[in-house]
Amino acid sequence: MQSSVPPARTSSSPRIGSYPIQAKRKRKTLSCYECRRRKLKCDREEPSCGRCRKAAQPELCSYLYDVSSLSATRQPSNPPGLLPPSSSAPQQPDPSSHGISSRNHLAYSSLPRVASQFLDISGKEYTPSTVQAVQNQGTWQLLGHVSLAANGAEARPAINADVQMLLRGPRSRSQKKRLFSAERISEPNIMVAATQLAVSLIQTALPRVQRELKSLQVKWKGIRADDAWFLTHDELLQLLPDRETLDRHVNLYFDTVETTYRILHYQSFQKQYELLWQDPNQVNSAVVIILLLVMASVEVLFSHEQPKYIGDSSVSRERAIFWIEVSEKWLARQSYKHMHLAIWQIRCLIVFAKQINVVKKKRIWTESGTLLREAMSAGFHRDPSVLGEKVSFFDQEMRRRLWATIIEMELQISIDRGMPSASAGVPSDTTTVLNVHDEELEKNSRPTSRSLREHTPTSYLHISRSSFSLRVSLNSMINDMSSPFVHETVLDYEDMITKELQRLPSGGGSHRQAHGNGRRTMVRILLDIQLRQFLVMLHAPFARQTQTSSRYSLSRITCLTAAAEIVQLYSDLTQTGNFILLLQRNDYFRAALVICQSAYTNLITKNNLFINSNSAVLIQYLEDVIGMLEQRITQHGTGYTYYWYISAASAFLQSVLLPSESTKEKEEAINRVTKQYYRVLESQEDIGKAKDMIMPVHSTSMTSAKKFDTS
């Protein structure tokens, strides 16, 4: 007799033969991990939900990603020389995991959503781009893999920012837009190497260290919020350090910044500087603001002496940012109707200080363009001689210097950003600045310009003016997406650039001479780099097509030679202890990526001559750039994304050369990045102490303003 007891409700196994076995449907998880663990309702906001923010633990908020929902077409492929991160031997994929091995299924499915997005790569076969460069894609086309739209028409390069997402974690809405060329990196053959390291990287201590740095940075931003308020003259004076420290900053500023851009007149500045120490109340507040911005422009150059950090930013950088904010608050209260020379100098210094300290780097292009347009509205684009005797020759020449500085700064910022310059199409009849020393420029004197071979503090602006129109035209053409990009036109522009390079004065020696002539060396290197960078940008689209068309072999050689020369010039300059260009510009990073792409192209085409003779040299160039990026991290405390790209690319190339060492190279690349985070984390400054160091003055106006807000 059969029992009448029904089957237990907990049994999930149906009776055999009654109906087929069906898998239990699992509801998709949308809550963050912390809310799900605590069984609380989650509002699913990004980058962190409301509950995690209220619990003061936004860094712990992460979203799980169900890897089983991935399509089988998204199975990651391995480039030659790199094995799957889960094992050194091939594995049979589990059908239930859609192409992801069972060993790695748990590791993938338990990652935060941002990490899973990092691993979310296309399974398409990665080969060098064969798309013709008929349509110009802008400066960022340099390393872009051009994708095809659904209708077969040419579309924008496919942007692969997953490495950046992993290193930075979830980003807010204001951070999701990446435009400028140095960050638009999408060459699949090289950047896929970073993706292949993802699982191994996530299983290391790197994510934890990143969260710790981010947590410290968030805490610091909360402490220093709204402290950069308008300060009185006496409060501004209290921000100045002792004279010995200030002298060091002023001397370094005139040895570096004023060797290229001319913003201040040394003798006039020195008179006000001495008066400041004799009777501080006799100087205008504008002089104090200029001193703060002078220090902000070179403060990070002293970071390596006593490296201390607050989160992912050096104490020196945070101090410079505070000085910049104080200056902006002061400037906002000045009249825009009657702007004297000091106001224009302050505005130029603010743009430069932001550029050197990487402050609001997404806005720096718009700010520099605004400065240029406002200078035009004040008549700086017209030669001041039309004013006649109303303006002294000294003031006329200072206007010429400021106009030349503004247009040079704006052009280079546009190039780094991958945007057209506001200088394009601007009619200007302002004559070239005189190649004279500052002491020759007096109130009533009219000095004669010296020869090009005779170096003065204005030599850079004087010589650079001759190639300015060419550089503006090149930047406009590179970033004009509506104009055709013809190889013959590129060759014509190459001839123009070569002629300009040949016109540069040699200075009586090689540009690789050492330190005894540091100012002249930096000027010569900068004049060379600002022209040579266009050879890289012009030839890079055609250099990637050498596998499909031998007619572009010359482009590959020219592009590689120019990139290697740029890296060498930066290496020579940094060996003298001058890091100002290293912190100000990004073209050495662009050059390193071009070297990576060229080296990989030679390797996959089995160019034995290259493998035997040039591979070690090119890899050494990459190692030099890695060293420069390490120095940049030391000075700024940030900049890990660029460092990760070049480290991963270098490891990838070496693994292609020596497949047996691929695992070792992969581990070394991960350890390099982790080491940089640890180096910054172990040198953290106490936040309370840092605030007293950076912001020694508590403004009475700030206190009253806060009281007014709370009343």
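The values are calculated or read from the model by the stated rules, or taken from the named source; none is laboratory data. Just so it is clear, the model here is predicted, and its values are computed rather than measured. No Cβ is skipped: glycine too gets one built from the backbone with ideal geometry, and neighbour counts run over all protein chains shown.
Key figures for this structure:
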read-out	value
Check on Arg503, of a type in the set (D, E, K, R), crowded, with 22+ Cβ neighbours inside 10 Å and modelled with pLDDT under 95	no
Unmet criterion (only one of (1) at pLDDT 90 or above; (2) in a loop (DSSP other than H, G, I, E, B); (3) surrounded by 19 or more Cβ atoms within 10 Å (Cβ to Cβ)) for Pro241	(3)
The stretch 417-462, residues that are farther than 22 Å from Phe269 by Cα, in contact with a helix residue (DSSP H, G or I) (Cβ under 6 Å, 6 or more places away or on another chain) and either crowded, with 19+ Cβ neighbours inside 10 Å or not hydrophobic (A, V, I, L, M, F, W, C) (or both)	Arg417, Gly418, Met419, Pro420, Ser421, Ala422, Ser423, Thr430, Thr432
Considering residues of the stretch 258-273 that are part of a helix (DSSP H, G or I) and closer than 19 Å to Ile350 by Cβ only, the residue farthest from the chain's Cα centre (by Cα)	Gln272
Residue in the stretch 602-614 that is part of a helix (DSSP H, G or I) and modelled with pLDDT of 85 or more present	no
Some residue of the stretch 619-627 being of a type in the set (S, T, N, Q) and in contact (Cβ under 8 Å) with a residue 40 or more places away in the chain	no
Asp572 vs. criteria in a helix (DSSP H, G or I), within 21 Å of the chain's Cα centre (by Cα), surrounded by fewer than 22 Cβ atoms within 10 Å (Cβ to Cβ) and at negative phi	no
Qualifying helices (runs of 4 or more DSSP H) (wholly inside the stretch 361-478; at least 2 residues being farther than 25 Å from Gly518 by Cβ)	364-377, 393-417, 468-478
Residue under evaluation Leu560, criteria (1) surrounded by fewer than 23 Cβ atoms within 10 Å (Cβ to Cβ); (2) part of a helix (DSSP H, G or I), criterion not met	(1)
Residue check, Thr576 in contact with a His (Cβ under 6 Å, 6 or more places away or on another chain) and within 30 Å of Gly637 (Cβ to Cβ)	yes
Tabulated pairs, the stretch 31-51, first surrounded by 15 or more Cβ atoms within 10 Å (Cβ to Cβ), second of a type in the set (Lys, Arg), C-beta under 6 angstrom, 6+ apart or interchain	Cys35/Arg51
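Okay, residues lined up against (1) under 28 Å from Thr638 (Cβ atoms); (2) in contact (Cβ under 8 Å) with a residue 40 or more places away in the chain; (3) assigned to a helix (DSSP H, G or I); (4) not assigned by TED's automatic domain parsing to the domain that holds Glu397:
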position: Ser316; (1), (2), (3), (4): yes, yes, yes, yes
position: Arg319; (1), (2), (3), (4): yes, yes, yes, yes
position: Phe322; (1), (2), (3), (4): yes, yes, yes, yes
position: Glu325; (1), (2), (3), (4): yes, yes, yes, yes
position: Leu331; (1), (2), (3), (4): yes, yes, yes, yes
position: Ser335; (1), (2), (3), (4): no, no, no, yes
position: Ile343; (1), (2), (3), (4): no, yes, yes, yes
position: Ile346; (1), (2), (3), (4): yes, yes, yes, yes
position: Phe352; (1), (2), (3), (4): yes, yes, yes, yes
